[in-house]
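Working notes, structure below.
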Amino acid sequence: MTSGMADDAPELPDTVAAAAAAGDVQAFERLFAIYADPLCRFIYSYVDSWETAEELVDDIFLQLWIRLRRGESARDVKAYLFTTARNRAISHLRHRRVEARHRDRQLPHEPAAPEHVAPSADQQLAERELIAALQRAVDMLPRRQREVVLLKWQRRASNDEIAQALGIASATVAEHFRRALQQLRATLPAPGDLS
Amino acid sequence: MADIDWVLLGRYAAGECTDDERAAVDRWLAASPARQATLGAIDRVAAQADRTASVVDHAARFAKLRSRLEAETPSRSVAWSRRWQPAMKIAAGVLLVLGTSLAGYMAFQRPSPSGDVAQPIVHTISTARGQRMSLRLGDGTLVLLAPASTLRFTASYTSDRTVQLDGEAVFTVTHDERRPFRVRTRAFVARDLGTRFVVRAYADDSVANVVVAEGAVAVARDAAVDSVVLSPGDGARLTTAAGVTLAHGLSLDSYFGWTEGRLVFRRTPLADAIQQIERWHDVEIRLASPALAARSFSATFEHGESAAEMLQVIGAVLKLDVTQTGRRSYLLHAQ
């Protein structure tokens, strides 16, 4: 079995979805295997809980299954999955905020550091949206490019170190990194504009 | 100077900019918090690559979902389950599917010293300081691994499910009478009786803890000795000096909070809190005087505060001054 990341062959999700719509559970599982992890990470970017992310992803696939079986459109299933994931994540956050407010009313406040001003809910959400968008873009990179980018960002590993860890040439590492960043530039809105 | 775009920011985050480029990015970042958030997003995605790198058996996860799918279309379910049988057998054989865990990847890259194929393969998963990871073992057990921890397990659970832990982890175990799930540490063996529990047993700590959230856990110094059974809210604390002590009605949040992104301290001695913050944030924290180590405090950190922010709060509570002595090092001293 492959890991959850596809190198994102563009025609795959929709043909698989079409097969799933016809009741092919194995095709549906392939869809799950491709998108479950990227969707979990995407949702995790909003909700900060892996368990919650897994639960929401299961729900999203269940909902997709019901839609497909009802004969609703199977077109652009990838966009559908991420849009639904975003909506679910945001509504989960709202729900949690309401709960937290409720809790705050019952508990005495812990003294906050005086100069600490909490960012507004809108600003926090905008930041989470940005993290989620970047997470999604990184997850949709071809596998090697993704590995290289993450190793560089995480550990500031040199081309040689990464080359050794992944068993590829050092020049190839540099090329993967270059292409990955270009791809991110092509998919993401220009940096600095939180909307 | 070229526009600041994702290519340049990406190289900046990787430490690959020229001096001029770095200066330009620094100027650009200084102008607004929204711009700094872009770099924050890069850091966060890099950090959560490990935190969320699931070593997940998709087949096992999907098998659970499948019953819900079937419930949605009853008329077809018989045909499906027949078609599914061979696939499920394979799924049972594939006990562990590697995700894209980078930390895991690095660990797996190291060749085993013996190279012996007949031996059961022992997997080693480690988190660095500042990292956490969630992984699902082949038997369905969910493990949340805290920073600076190492878990060793074999990929076959034929009769015995024993894992080895150095560090801290929360286990959510599906109980199986015939195949007890055991966690072995330097200090003790914990055996599940149907359960969610946390084990904290770092090799460099003098204390080891087991705390139960659900179900029951039997704890013993080693498998041969009689064990103590813990219920929800109970904890066992093992020290080299005092042996085993039991506690009841513990605040579960201070032991399990980290699985939901909270660090909770309840009358925690400063020395212990510091050690935890060091592991979680990969920083060095020193005390100006050893007398400070025993002072205790309570605090809850919910929103991914940085080490500096946590120390400010702790400093305010304990009336200590915090001095940053290096990029990742801090000194606490009495005011």
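Summary table
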{"read-out": "Residues A:HIS176, A:HIS95, B:HIS175, B:HIS281, sorted so that the one with the fewest Cβ neighbours within 10 Å comes first", "value": "A:HIS95, B:HIS175, B:HIS281, A:HIS176"}
{"read-out": "Cβ-Cβ FRET estimate between A:ALA190 and A:ARG94, R0 fixed at 25 Å, reported to 0.05", "value": "0.35"}
{"read-out": "B:VAL229/B:ASP205 FRET efficiency (R0 25 Å; Cβ-Cβ; nearest 0.05)", "value": "0.55"}
{"read-out": "Cα→Cβ-extended label distance, 7 Å offset, between B:ALA293 and A:ALA22, nm", "value": "7.0 nm"}
{"read-out": "Segment B:ASP19-B:ALA271, extension gain: residue separation times 0.36 nm, minus the distance between their alpha carbons", "value": "86.7 nm"}
{"read-out": "Contour minus Cα-Cα distance for A:ARG143 and A:LEU125 (0.36 nm per residue)", "value": "3.6 nm"}
{"read-out": "Neighbour-count ranking [beta-carbon atoms within 10 angstrom, fewest first] of A:PHE32, A:PHE82, B:PHE62", "value": "A:PHE82, B:PHE62, A:PHE32"}
{"read-out": "Computed FRET value (nearest 0.05) for B:THR325 with A:GLU72, which takes r as the C-beta separation and R₀ as 60 Å", "value": "0.50"}
{"read-out": "Spacing of the two label points (7 Å from each Cα toward its C-beta) at B:ARG178 and A:ALA79, in nm", "value": "5.1 nm"}
{"read-out": "Rough spin-label spacing in nm, given labels placed 7 Å along Cα→Cβ, for B:ARG27 and B:VAL317", "value": "4.4 nm"}
{"read-out": "Gained length - B:GLN36 relative to B:SER67, 0.36 nm times residue gap less alpha-carbon distance", "value": "6.6 nm"}
{"read-out": "Neighbour-count order for B:VAL7, B:VAL212, B:VAL207, B:VAL198, fewest beta carbons within 10 angstrom listed first", "value": "B:VAL207, B:VAL7, B:VAL198, B:VAL212"}
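The numbers here are math on the coordinates, done by the rules we state, and not lab data. Computed from a prediction, not measured in an experiment: that's the story for all the values here. As a convention, Cβ positions derive from the backbone with ideal geometry for all residues, glycine included, and neighbour counts pool all protein chains shown.
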